[in-house]
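One structure below.
Bear in mind these aren't lab numbers, they're just calculated from the coordinates by the rules spelled out. Keep in mind that this is a model prediction, so the values were computed, not measured. Because the Cβ atoms are built from the backbone with ideal geometry, glycine has one as well, and the counts that use them run over all protein chains shown.
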Amino acid sequence: MSTYNSVINYLENIIQTNHITLIHISCSSYDPDVVNTQKRAIIINRNYQTHFSYHFRLAHEIAHLLTETTHTYNFSQLAKSTSEKKANLTGIKILADCYFSDHQSKIMCWERRFQFIETFGLGQLTHLVEHVLTPK
């Protein structure tokens with residue numbers, strides 16, 4: 001199975017397990033993705049233009065639903081707020097848990113971090129990827 005399909009299946013499983021509604025819409029390329037934590041809903045704009053992969057956008061929004069309880073969020077990975085940074089870190093962790101097999105050592109994950117960053121378009125968040133993948 002390709003990385004794309006396995007990651008999509010992994011994210012869809014999280015969505016189903018946590019009773020999250022996922023809606024895809026086509027709006028302006030400037031309209032970001034949105035999550036409403038009270039309704040447990042994610043709205044993904046198919047046309048939103050960003051360097052971040054669809055996988056990361058979805059994982060980021062899932063992260064809001066798994067860690068927050070009372071807000072509506074627009075997709076904004078570069079925002080400095082605590083909730084956005086937490087969603088970025090959690091979204092990266094979600095993707096890393098799927099991308100790297102359980103059998104890979106922390107050292108091997110660290111050595112493959114640039115491939116991970118490229119796969120998910122996370123160049124602007126390299127520092128956060130390195131924080132998540134740093135061998136401890």
Simple spin-label model, 7 Å along Cα-to-Cβ: Trp110 to Leu66 in nm? 2.4 nm
Taking Cys109, Cys27 and counting other beta carbon atoms within 10 angstrom, the fewest-first order is Cys27, Cys109
For the chain, what does the helix formula give at 222 nm: sum of -39500 (n - 2.57) over DSSP H segments with n ≥ 4, over the residue count, nearest 500 deg cm²/dmol? -15500 deg cm²/dmol
Give me Ile92, Ile8 sorted ascending by neighbouring Cβ count inside 10 Å, so fewest comes first. Ile8, Ile92
Out of all Cα-Cα pairs in the chain, roughly what percent, to the nearest whole number, are more than 24 Å apart? 26 percent
Mean Kyte hydropathy of -1.0 or more with a Cα span along the axis of at least 18 Å, helices from DSSP in the chain: 3-17, 54-67, 82-99
Quick one: which residues, 5+ away or cross-chain, put their amide H under 5 Å from the amide H of Glu68? H built at 1.01 Å from N. none
Tell me the relative contact order for the chain as a rounded percent, counting alpha carbon contacts under 8 Å between residues six or more apart. 22 percent
Set the Förster distance to 30 Å, then compute FRET efficiency between Thr134 and Ser83 from the Cβ-Cβ distance, nearest 0.05. 0.85
